[in-house]
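Readers should treat all values here as calculations from the given coordinates under stated rules, not as data from a laboratory. Predicted model only: the values in this text are computed from it and were never measured. Positions of Cβ are backbone-derived with ideal geometry, glycine not excepted, and every protein chain shown enters the neighbour counts.
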2 protein chains.
Amino acid sequence: MDPIAELLTSYFELNGNIIDELDDDGTEPSPLEFMRYVARNTPFVVRRGAASWPAVQTWSMSFLRKALAEHIVNVAVTPNGYADAPTIGPDGEVIFAKPWEEDQAFPEFLDYVVQQEKGQLDASAETRYAQTQNDNLRHEYASVFSHVYKDIPFARIALQREPEAINLWIGNSHSVTAMHRDNYENIYVQVLGQKHFVLLPPLCQPCVNEQPLRQYNYVRADGGFHLIPEAPDAEEQVKAGDDNSVPFAMWDPEAPGKNETQYSRLAEPMRVTLNPGDMLYLPAMWYVS
Amino acid sequence: MDPIAELLTSYFELNGNIIDELDDDGTEPSPLEFMRYVARNTPFVVRRGAASWPAVQTWSMSFLRKALAEHIVNVAVTPNGYADAPTIGPDGEVIFAKPWEEDQAFPEFLDYVVQQEKGQLDASAETRYAQTQNDNLRHEYASVFSHVYKDIPFARIALQREPEAINLWIGNSHSVTAMHRDNYENIYVQVLGQKHFVLLPPLCQPCVNEQPLRQYNYVRADGGFHLIPEAPDAEEQVKAGDDNSVPFAMWDPEAPGKNETQYSRLAEPMRVTLNPGDMLYLPAMWYVS
């Protein structure tokens, strides 16, 4: 038997694809319990683990609109909700499309997101998503940072590290995150609404069909969006052997018949939906969408 | 650059090859501190970590000879100290040689080991090593099991497991352990004498030149040793496609110019010598000799 197929089959036989849920009384794991999951590189959910956070208890659309009434936020805009995702480029080939970024007044941004979610906008309306990952809750949104715990104690104690970044993301169901992975230990906390995760362990690398994709940026112009190659000096970079491409997963477990590899059918995605107050540990190097 | 060479180079740049030594006041790590090492798959030493064990405080050759005066022990015998090691076989090819095993009265076994160590035996004398790994300290040597701690609390609490096996090994400097690895978390405690370890992390797999070796057993006969293929029904197994071989490391960091791969020179072995009372955490899947 193909050893990669054997590894994938054994992994899912041993581990299954059901995420561990810790006690649903909201009790966080101890640092040692957390470290066991880090050591096994295995996700878990603590239902209601952040139920006592002020943000979970007090935030609503109207609360945020008032709290951030004077704020300007960085918003990622795409024609279709696919930011940082494989997309058909201007020449018909698949490229990696990064969103158009612009500063917007927070109340207008929030109203747009809510209206779109309620179906009050055209089906063809652009998608807006506040998704900066530059530690925005301690900077861009510093005025509401006191509404969340300043760190996750069980993770800080276990890993002996302060959080490198604390990010707040605000969007609606039109925003789709393409399958990707990061080299960080992540704790997600759901404050409002729901988020649906699809997770794959790192050993599914042979399943996800990573391909080098050239990076393009959406640019808003002439009332529409255009995809422009990212590097201004793209020609020089090509000369130096760097074509500005990034490796990216082409296979998506939500459309398993497209772009599959010979191993994709062996992957058993782990699915979990977070509700307000729920907490998810996403281990470093897991694929997530 | 070759990605495997790059991985090996980066690993040793980041991690070095010096083993972590915890405080030398014999303080064991907490379960959480231990779990951090498990998560990082990284060895450590606790100098004098077992200094308070009755075995460390009371055992000597004469003590053991008395305590086990009536015991019969399983002894591994080889002509040269290389048990479970690559060896030139009867047909000139390299095979995997397992030791001759026999039951001996413990006092005679111990006297032999001591005499050989003192140079009182011929240079060509066989090597004897009590090295069973079948949880022998709770069975074969049960009468002295009370002299050691019944488990390692920091490991039991962290891993939520009782020890699967507790083994006592008795030999002298003529016994050599070939580079190998096991899928177990190991805690070694040195009771008497010294043991020299050479360790390589699991990612050194491309360095160690694993080859399939046919298994042979030493058999004592006619005043000497003969190597006999292990399976009595070897022909039938070959017919079924199983030639009774095991993958085994051919490269030894102690003889780095022999059997090397293109990656062997990138491996930076970690060396550590244990003295009485010292404790070593050897993570699962590390190579050890």
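Taking every residue in A:28-36 and counting other chain Cβ atoms within 10 Å of its Cβ, the average works out to 4. The gain in end-to-end length when the B:Met1 to B:Tyr184 segment is fully stretched comes to 62.5 nm, 0.36 nm per residue minus the alpha carbon separation. Placing unit charges on the Cβ atoms only, positive for Lys and Arg and negative for Asp and Glu, gives the range A:1-92 a dipole magnitude near 520 debye about its Cα centre.
Exceedance of the 26 Å cut-off in Cα-Cα distance is limited, within the set A:Lys150/A:Lys195; A:Lys118/A:Lys150; A:Lys66/A:Lys98, to A:Lys118/A:Lys150; A:Lys66/A:Lys98.
Output needed for the range A:50-113: three equivalent-ellipsoid semi-axes, defined as square roots of 5 times the C-alpha gyration tensor eigenvalues, in descending order, whole Å. The partial results should precede the final answer.
Working: eigenvalues 210, 46, 14 Å².
The equivalent ellipsoid of the range A:50-113 has semi-axes of 32, 15, 8 Å.
With the Kirkwood sum run over all distinct C-alpha pairs, the range B:57-187 has a hydrodynamic radius of 16.5 Å.
Along each principal axis, taking the top coordinate minus the bottom one, the Cα set of chain B gives 61, 52, 38 Å in descending order.
Between copies, B:Ser10 shows label-point distances of 2.6 nm, shortest first, with the point placed 7 angstrom from Cα along Cα to C-beta.
Net charge dipole, the protein assembly as shown: roughly 1320 debye, given to the nearest 20, about the Cα centre with Cβ charges of +1 for Lys and Arg and -1 for Asp and Glu.
Summing -39500 (n - 2.57) over the DSSP H runs of n ≥ 4 in chain A and dividing by its residue number, what mean residue ellipticity at 222 nm do you reach, to the nearest 500 deg cm²/dmol?
Values: 7 runs with 60 residues, N = 289.
Only helices count here, giving -5500 deg cm²/dmol.
With label points defined 7 Å past Cα in the direction of Cβ, position B:Ala142 shows copy-to-copy spacings of 6.9 nm, given to one decimal and shortest first.
In plain terms, the chain from A:Glu108 to A:Ile157 could stretch by 13.7 nm, reckoned as 0.36 nm per residue minus the Cα-Cα distance.
Summarising the overall dimensions of the range B:1-55 from its C-alpha atoms, the Rg and Dmax are 15.5, 54 angstrom. Spin-label point model (7 Å from Cα, Cβ direction): what's the A:Ala67 to B:Asn134 distance in nm? It works out to 6.6 nm between the two label points.
Placing +1 on the Cβ of every Lys and Arg and -1 on the Cβ of every Asp and Glu, with nothing else charged, gives the range B:91-164 a dipole about its Cα centre of roughly 540 debye. Of the three principal axes defined by the Cα atoms of the protein assembly as shown, the extents in descending order read 95, 49, 43 Å.
Projecting the Cα atoms of A:Tyr281, A:Ala5, A:Tyr263 onto the charge dipole of chain A, computed from C-beta unit charges around the Cα centre, puts A:Tyr281 farthest toward the positive end.
Packing-wise, with mean Cβ within 10 Å as the measure, how do A:114-127, B:160-173 rank, highest first? Could you put the intermediate results ahead of the total?
Numbers: A:114-127: 12.9, B:160-173: 15.9.
Descending mean neighbour count gives B:160-173, A:114-127.
Each label point was placed 7 Å from the Cα along the Cα-to-Cβ direction; for A:Asn74 and B:Glu164 their separation is 4.8 nm.
So, by mean Cβ neighbours within 10 angstrom, what's the order for B:7-16, A:101-110 with the highest one leading? Before the final figure, lay out each step's value.
Values: B:7-16: 13.7, A:101-110: 16.1.
Highest mean packing first, the order is A:101-110, B:7-16.
Per-residue mean of foreign Cβ neighbours for B:208-218 is 0 (Cβ atoms of other chains, 10 Å radius). Taking 7 Å steps out from each Cα toward its Cβ at B:Ala142 and B:Thr42 produces label points 4.2 nm apart. Each copy carries a label point for B:Ser245 at 7 Å from Cα along the beta-carbon vector; from one copy to the others these points are 3.8 nm apart, nearest first. Among A:Pro229, A:Tyr129, A:Pro163, whose Cα projects farthest towards the positive end of the dipole of chain A, with charges put on the beta-carbon of Lys, Arg (+1) and Asp, Glu (-1)? Value: A:Pro163. Shown for the range A:1-132 is the translational diffusion coefficient from the Stokes-Einstein equation, using the Kirkwood radius over Cα pairs, a temperature of 20 °C and a viscosity of 1.002 mPa s: 111 µm²/s. Across the alpha-carbon set of the range B:23-71, the Rg to Rh ratio works out to 1.20, Rh being the Kirkwood radius. Label reach from B:Ser30 (point 7 Å along Cα→C-beta): in the range B:149-169, amide nitrogens under 18 Å belong to B:153-160.
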